[in-house]
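K.L.:
First, the structure itself, so that you have it in front of you.
The values are calculated or read from the model by the stated rules, or taken from the named source; none is laboratory data. Predicted model, so just to flag it, every value in this text is computed and none were measured. Backbone-built Cβ (ideal geometry, glycine too); neighbour counts: all protein chains shown. When the accessible area is computed, the model is the full protein with side chains, heavy atoms only, and any ligands, DNA or RNA have been set aside. Shrake-Rupley method; radii C 1.70, N 1.55, O 1.52, S 1.80 Å.
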Amino acid sequence: PTMGYSLTPGIPVPPPYYAKHSPGKGRGLFASRFIPKGELVHDGTVSDVIFPNDLKFREFIFALPRDYACDAAEWVWMQQLEEDGDYHLLMGINISALMNSGGAEWGGRESEMVNVVPPSSYSGKFYATRDIEEGEEILTDYDVYYTKWSLVGLGEK
């Protein structure tokens, strides 16, 4: 499932994770090898889609079969790409979309569960915050990006 996605464009080296079932969460990503603290685990700057506006996002979603549209709608977030910049709709369209959250919403202490985050809310690069053992689930914090859908033309204004 990681074929076709590489952390470095043009160099066919798959990311250091694979997909499998995550108890209580559905699908998830798991370390395929030991990942040392500080290693780049996912680079969304080379793989995430940035929709130019809410109309293009809606066109994309409504063009998908219903089952796929429901999944795809779960893989969207809003993000500023630079400080004080506009908010954009982004979507992970590769295996990275299966990265689960281990933040406070899961009832755990974030420092114990989350092991991959970007260095800032403007970044799409996710780094290991601690050593991650082979077979351990890769968990980020969905709350790292501010969410108010009306800022990107979705939801109530």
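K.L.:
For the chain, build the charge dipole from Cβ charges (+1 Lys, Arg; -1 Asp, Glu) around the Cα centre, then report which of Thr147, Tyr68, Thr45 sits farthest towards its positive end.
P.N.:
Looking along the dipole axis, the top candidate is Tyr68.
K.L.:
Considering only protein heavy atoms and a 1.4 Å probe, what is the carbon-and-sulfur percentage of the accessible area of the chain? Don't skip to the end; give the middle numbers.
P.N.:
Working: 5040 of 9080 Å².
Carbon-and-sulfur percentage of accessible area, whole number: 55.
K.L.:
Of (1) 11, 40, 34, 12, 2, 0; (2) 11, 42, 39, 8, 0; (3) 10, 38, 37, 13, 0, which one was derived for P(r) over Cα pairs in 10 Å bins from 0, in percent from the structure shown?
P.N.:
Structure-derived value, by its label: (3).
K.L.:
In whole Å and largest first, what semi-axes does the C-alpha gyration tensor of segment 1-94 yield when each eigenvalue is scaled by 5 and square-rooted?
P.N.:
On the way: eigenvalues 126, 72, 35 Å².
Working from the Cα gyration tensor, I get semi-axes of 25, 19, 13 Å.
K.L.:
Same structure, new question: What angle, in degrees between 0 and 90 and rounded to the nearest 10, separates the Cα long axis of helix 54-63 from the longest principal axis of the Cα atoms of the chain?
P.N.:
70 degrees
K.L.:
Within the chain, which is the longest segment containing none of the chymotrypsin sites (Phe, Trp or Tyr not before Pro) that sit in a DSSP loop and have at most 14 other Cβ atoms within 10 Å?
P.N.:
Working: sites that count: Phe34, Tyr122, Tyr146.
Value returned for the longest uninterrupted segment is 35-121.
K.L.:
Related question: Non-local amide H neighbours of Thr129 (under 5 Å, H modeled in plane, Pro and chain starts lacking H): which ones?
P.N.:
Those qualifying (amide H under 5 Å, at least 5 residues apart or on another chain) are Gly38, Val116, Val117.
K.L.:
Please name whichever of Pro12, Ile138, Pro36 sits farthest to the positive end of the charge dipole of the chain, dipole taken about the Cα centre and charges placed at Cβ: Lys and Arg +1, Asp and Glu -1.
P.N.:
Farthest towards the positive end: Pro12.
K.L.:
Still on this model: If you stretched the chain out fully between Ile50 and Leu154, how much longer would it get, using 0.36 nm times the residue separation minus the C-alpha to C-alpha distance? Please list the in-between numbers first.
P.N.:
On the way: separation 104, 0.36 × 104 = 37.44 nm, distance 1.51 nm.
Taking Ile50 through Leu154 to full extension adds about 35.9 nm, to one decimal.
K.L.:
Sticking with this one: Roll a 1.4 Å probe over the protein chains and send me the accessible area per residue for segment 22-157 in Å².
P.N.:
Per-residue value: 56 Å².
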